[in-house]
Amino acid sequence: MLFLFGLKKGCEKMLNQVVLVGRLTDNLKVEETENGKKVTNLTLAVQRSFKNADGVYETDFIKCTLWNDVAESTSKYCKKEDIIGIKGRLQMNSFEDKNGNKRVSVQVVAEKVTFLSSKALDQEKDNQEER
């Protein structure tokens with residue numbers, strides 16, 4: 001019998017899912033593609049949960065792409081240094097650089113974004129409570 005992650009042969013399921021929580025490194029800008037889709041690219045700073053040999057928490061800077069409604073609402077309510085959660089999938093892209101070398105880039109394509117600390121969203125809630 002073949003076992004793959006505890007599953008019997010014929011029952012294998014594949015999964016490409018990523019969950020991240022981190023800070024936005026820049027303000028967001030929504031752009032429109034030639035076929036009318038909305039897109040924004042961002043970098044999420046995610047601090048590691050352990051210290052390195054020097055006793056310092058290192059940070060990973062992860063490229064993410066958001067599409068359509070997710071891109072628009074995130075851009076509207078979130079700014080640089082806000083904390084967000086992203087649920088999505090990894091996507092690899094191959095390309096040739098200007099010297100003709102083959103390169104691979106990895107990014108997270110977001111399917112859902114959760115606003116964990118958003119100054120714009122907090123302000124909107126405060127304004128609604130004052131009414």
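Given the structure, is C78 touching a Ser or Thr at 6+ places or on another chain (Cβ under 9 Å), under 15 Å from L20 (Cα atoms) and surrounded by 16 or more Cβ atoms within 10 Å (Cβ to Cβ)? Write out each step before concluding.
On the way: touching a Ser or Thr at 6+ places or on another chain (Cβ under 9 Å): yes; under 15 Å from L20 (Cα atoms): no; surrounded by 16 or more Cβ atoms within 10 Å (Cβ to Cβ): yes.
No: the conditions fail for C78.
Scan the range 98-119 for residues that are in contact with a Cys (Cβ under 9 Å, 6 or more places away or on another chain) and not in a strand (DSSP E or B) and jot them down.
S118, K119
Only the coordinates and a few stated rules stand behind these numbers; no lab work does. The shown structure was predicted, so the numbers you read here are calculated from the model rather than taken from an experiment. Methodologically, a virtual Cβ is constructed for each residue, glycine included, from the backbone with ideal geometry; neighbour enumeration extends over all protein chains shown.
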